[in-house]
Amino acid sequence: MPQSPRFLAPGGYDPVNAKKNVRSIVRALARAYGQPRTWLNHSNPFELVVATILSAQCTDELVNRVTPELFARYPTPEALAAANPSDVEKIIRPTGFFRQKTKSIIGCARKIVEDFGGEVPQTMEELTNLPGVARKTANVVLANCWPRPASDHGIFVDTHIRRVSQRLALTAHENPVDIERDLMQLLPKETWVDVPHQMILLGRGPCNARTPDHEACPLLKWCPTGQAAKAPNT
């Protein structure tokens, strides 16, 4: 049974209003947040793949504290593929689920070496065949390393994007794959890189989970959740 959206706007999802408002929302996001990119520190696609795998159930800030040592010791897919798992576990332990993450990043590095000559592949199909790389991770890597039209990425959906999309009534879903599909149908393709990163900044700021600051939100005019919160009690 589908999970009910936790932050669905009052009145639910209205596809007509979503389509009507989306271009205004895109423009407001651009004015407020410019063209941000991932906050995971990396110098090449391989480092971003690894960092994104490590970011599962972990903050970007913590991942960024761990990866300098990891990449200094294992700077290439070949180096990480040959690593002793116990040594890697010691480095990435603070990110949580470190045993599974160690297995994933070493397995990912080995497949990159064995199947792709040490170069991170540039398609969704190939990336999602790497250990530890699901669609969200692939979208992050493609959007930041090979943005359209060079690649076939979609729209990555994290907890902030899910919450913002539901509050704006741009989706009626909880599952990230379903939310991605809804956003891809609504958003112009040329915004598929910028908008997710802008939504994350919005979600980390005024549209946070616990105490949203509707008055500070640049999207208040088009947000049914914020408008409902502002309405006087009757």
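One line per residue, one yes/no per condition, for (1) in a helix (DSSP H, G or I); (2) closer than 18 Å to Val66 by Cα:
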site: Lys90; (1), (2): yes, yes
site: Lys103; (1), (2): yes, yes
site: Ile112; (1), (2): yes, no
site: Asp115; (1), (2): yes, no
site: Glu119; (1), (2): no, no
site: Val140; (1), (2): yes, no
> Among the candidates Arg135, Arg204, Arg167, Arg148, which residue alone is open to solvent by less than 40 Å² (accessible area, probe 1.4 Å) and either within 21 Å of Ala30 (Cβ to Cβ) or modelled with pLDDT under 95 (or both)?
Replying inline: Arg167
> If we keep just the residues of region 1-56 that are without any contact (Cβ under 8 Å) to a residue 24 or more places away in the chain and in a helix (DSSP H, G or I), which is nearest to Ala143 (Cα to Cα)?
Replying inline: Ala51
> Taking only pairs six or more apart or across chains, which ones have beta-carbon atoms under 7 Å, a first residue in region 97-113 that is basic (Lys, Arg) and modelled with pLDDT of 95 or more, and a second residue that is part of a helix (DSSP H, G or I) and surrounded by 21 or more Cβ atoms within 10 Å (Cβ to Cβ)?
Replying inline: Lys101/Ile53; Lys101/Leu54; Lys101/Ile92; Lys101/Thr95
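Output yes when any residue across region 209-220 is open to solvent by less than 10 Å² (accessible area, probe 1.4 Å), out of contact with any strand residue (DSSP E or B) (no Cβ under 7 Å at 6 or more places or on another chain), part of a loop (DSSP other than H, G, I, E, B) and not basic (Lys, Arg), and no when none is. Break it down into steps so the answer makes sense when it comes.
Taking region 209-220 as the starting set, the residues that turn out to be open to solvent by less than 10 Å² (accessible area, probe 1.4 Å) are 219.
In the following step, the residues that additionally are out of contact with any strand residue (DSSP E or B) (no Cβ under 7 Å at 6 or more places or on another chain) were identified as 219.
Within this subset, residues satisfying the condition of being part of a loop (DSSP other than H, G, I, E, B) are 219.
Those still in the list that are not basic (Lys, Arg) too: 219.
The answer is yes; a qualifying residue exists.
The values are calculated or read from the model by the stated rules, or taken from the named source; none is laboratory data. Everything numeric here is computed off the predicted structure, so don't read it as measured data. Because the Cβ atoms are built from the backbone with ideal geometry, glycine has one as well, and the counts that use them run over all protein chains shown. Heavy atoms of the whole protein, side chains included, go into the accessibility calculation; ligands, DNA and RNA do not. Shrake-Rupley method; radii C 1.70, N 1.55, O 1.52, S 1.80 Å.
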